Amino acid sequence: MDLKSNHSSPVLTDPAPLSKSRLGLPSNITPCSPAALLYSSSGLYLTIPEILNGKHDDVLVNGWLDSMIASSPPRKKLNKDIISESQVDDNDAAYQTWIINYPSSLNSFHLITNDAKCKMIALFLDYDGTLSPIVDNPDLAFMSSAMRAAVKEAANYFPTAIISGRSCDKVHEFVKLSELYYAGSHGMDIMSPIRVSESFGDHPDCIKTTDRKGKEVHLFQPAREFLPMINEVYKSLIEITNNIVGVKVENNKFCVSVHYRNVDKKMWDQVGCCVFGLLKGFPRLRVTHGRKVLEVRPVIDWNKGKAVQFLLESLQLSQRDDVLPIYIGDDRTDEDAFKVLRESSRGFGILVSNVPKETNASYSLRDPSEVQEFLKSLVRWKKFTTSQTEDIATIKI
């Protein structure tokens, strides 16, 4: 299958002056003091935050700090050799109430396959926390060989895409499967294998190129014009967060991820102040929240939900009634994709979480090991139904 799409280009919002309300700050709060200035190549002096009396003024009431805490709930640890049984008690009242509304995809597999009868499943998968475990060092978020085999086999039966906040190249290095579709930077960097020798379409943001192995691929990059700005912000964030122990700044091509997983919680305010203070000089960039990560992204009408829509259109699946899209993810950024599927009443989302969360998903899985089992179950079901269909065809002959 080749990608062909008439999807309209994302619309840039007007580059209006950046106000405190756009930052999610109360009007009476100044995020950072202009104690020091960093000159940028764009001609702007960028604020470097100053700590006053050991803490940021009124930082505890800032909307962005609350969001950092809310988007980073602690995960249950399932290693009973390390923690007490009470900590992994499946009878936790809150979780048991939540699981009624978002049942396990494994326990509800018969309902999913009933929906999938006579339909083509299209799989969309997040990476971190879905195909690989969440780890302290994002550079070490390797997927297991068993998970890779499960994804590879699933891709043999269903169109399969990885949609991640990572750069496209980075997630491809982790997954190492050329037969998949990859959407990095939350869908702003989409790469697909060339199935047939046709043009990529007339979309101005689509190009044909080669990957690192020299294979021809198609790229869709609606935020290409932001690359110099993203690179500049990346370098600046490296500099101004250098003294915060545990922070990691990651360049994901069309977005910059500032990880604070290994930062003392007392210092989270300083991380947020650095990021939001810097972005006062970049009104065409915005910050979104993930699990213990702040992500600097272009202000364009594009997200993982838009990426799902684009891929379905490109694969000529969006107008077909016999297609069932399934999106599996664990993060707040995956909610855009869950919402698209829920509102379109076609397909559904599966949230990977072992703690209760508000979500637009329809089902849940606890962790990557259950994701792996779900993918294997889909393949077994597909093989079984295919063999049944072939047997019926043989009998008719």
How long are the three semi-axes of the equivalent ellipsoid for segment 169-322, computed from the Cα gyration tensor as the root of 5 times each eigenvalue, in whole Å, largest first?
33, 16, 15
Radius of gyration and maximum dimension Dmax of segment 288-365, Cα, Å
13.1, 39
Quick one: dipole size for segment 137-176, taken about the Cα centre, charges +1 on Lys/Arg Cβ and -1 on Asp/Glu Cβ, in debye to the nearest 20.
40 debye
Can you pick out the pairs among 152/265; 215/339; 339/376; 176/292; 265/304 whose Cα atoms lie more than 31 Å from each other?
152/265; 215/339
Determine the per residue accessible area of segment 304-347 with all protein chains present and a 1.4 angstrom probe, expressed in square angstrom.
38 Å²
Taking amide H atoms as placed 1.01 Å from N in the peptide plane, list the residues 5 or more away in sequence, or in a different chain, whose amide H sits under 5 Å from that of residue 125.
161, 162, 163, 328
Part-to-part distance (alpha-carbon centres) for segment 91-155 and segment 307-384, which is given in Å
8 Å
In whole Hz and in residue order, list the ³J(HN,Hα) couplings for segment 320-327 that follow from phi through the Karplus curve 6.51 cos²θ - 1.76 cosθ + 1.60, θ = phi - 60°; x for Gly and Pro.
9, 7, 9, 10, 10, x, 10, 10
Quick query: amide H of residue 352 versus all other amide H atoms, modeled in the peptide plane; which residues come in under 5 Å with a sequence gap of 5 or more or a different chain?
329, 330, 365
Of the candidates 378, 328, 361, the farthest towards the positive dipole end of segment 293-397 (Lys/Arg Cβ +1, Asp/Glu Cβ -1, centred on the Cα centre) is 378
Show me the GluC sites (Glu not before Pro) within segment 301-374 that DSSP assigns to loop and that have at most 12 other Cβ atoms within 10 Å of their Cβ.
358
Of the peptides 360-368, 171-179, how do they stack up when ordered by the mean number of other Cβ atoms within 10 Å, highest first?
360-368, 171-179
Can you list the HN-Hα couplings for segment 334-342, worked out from phi with the Karplus curve (6.51, -1.76, 1.60; θ = phi - 60°), rounded to whole Hz and with x for Gly and Pro?
6, 4, 4, 6, 4, 5, 4, 5, 5
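Antiparallel versus total DSSP beta bridges in segment 255-397: what percent is that, nearest 5?
Working: 10 of 17 bridges.
Rounded to the nearest five, the antiparallel share is 60 percent.
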Segments 185-193, 153-161 sorted - mean Cβ within 10 Å per residue, highest first
185-193, 153-161
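The values are calculated or read from the model by the stated rules, or taken from the named source; none is laboratory data. Nothing here was measured: the structure is a model prediction, and the numbers come from that model. Note that we place each Cβ from the backbone using ideal geometry, even for glycine, and neighbour counts take in every protein chain shown. SASA here: full protein model, heavy atoms, side chains in, ligands and nucleic acids out. Shrake-Rupley method; radii C 1.70, N 1.55, O 1.52, S 1.80 Å.
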